[in-house]
Amino acid sequence: MSAYLILKHLHVTTAYLTVVLFALRLLFDAVGKPDWRKTPLRWIPHVNDTILLAAAISLLFVTPWVPLVHSWLTAKIFLLIGYIIAGLFALRTTLGTPTRVVAAVLALVQITAIFHLALNKPVLW
């Protein structure tokens with residue numbers, strides 16, 4: 001199997017796992033079980049996201065895609081930054097519920113857009 005296929009499968013798998021872990025943490029907070037913060041669920045997403053980022057950067061070295069040249073990839077990076085910020089607000093216990101819900105919805109919309117761009121690679125500008 002080529003390096004590209006290995007990295008792509010690793011990237012896709014960890015991307016899906018990121019969404020599942022984020023949704024699981026949101027669900028635990030929504031049903032009033034904040035004790036997940038005392039379990040490995042507190043740090044596992046960080047390990048997964050580190051692997052996801054390493055795979056993404058590695059893919060840049062084995063493919064011809066360049067972030068500032070390929071508009072879909074540039075948009076994905078900006079959406080990723082927005083997703084991270086919205087996710088931080090969504091999981092922050094010091095904020096009120098309405099703020100956290102809006103942040104969670106915003107994070108999920110951004111991750112949906114990231115997946116759309118990754119699957120379709122449209123020319124944006």
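Taking the Cβ of residue 65 as the center, what net charge do the other residues with Cβ under 13 Å away carry, scoring Lys and Arg +1 and Asp and Glu -1? Value of the local net charge: +3.
Restricting to DSSP loop positions (anything but H, G, I, E, B) with no more than 10 other Cβ atoms inside 10 Å of their own Cβ, which chymotrypsin sites (Phe, Trp or Tyr not before Pro) remain in segment 12-79?
For chymotrypsin sites (Phe, Trp or Tyr not before Pro) across segment 12-79 that sit outside H, G, I, E and B with at most 10 neighbouring Cβ atoms in 10 Å, the list reads 43.
Remark: relative contact order (the chain) = 26 percent; criterion is Cα-Cα distance under 8 angstrom and separation of 6 or more residues. Among 53, 41, 68, the largest mean-square fluctuation in a Gaussian network model of the chain, built with springs joining Cα atoms closer than 10 Å, belongs to 68. Convex hull of alpha carbon positions in segment 1-63: directionally averaged projected area 4.3 nm². For the chain, just say rounded, prolate or oblate: build the C-alpha gyration tensor, square-root its eigenvalues into a ≥ b ≥ c, call rounded for a/c under 1.5, and beyond that prolate if a/b exceeds b/c, oblate if not. The shape class here is oblate.
Helical content alone sets the calculated 222 nm signal of the chain at -26000 deg cm²/dmol, taking -39,500 (n - 2.57) per DSSP H segment of four or more residues and averaging over every residue.
Taken together, the values in this text are just the output of simple stated rules run on the coordinates, not laboratory data. All figures in this text were calculated on a predicted structure; none of them were measured in a lab. Cβ sites come from the backbone with ideal geometry, for glycine too, and all protein chains shown count toward neighbours.
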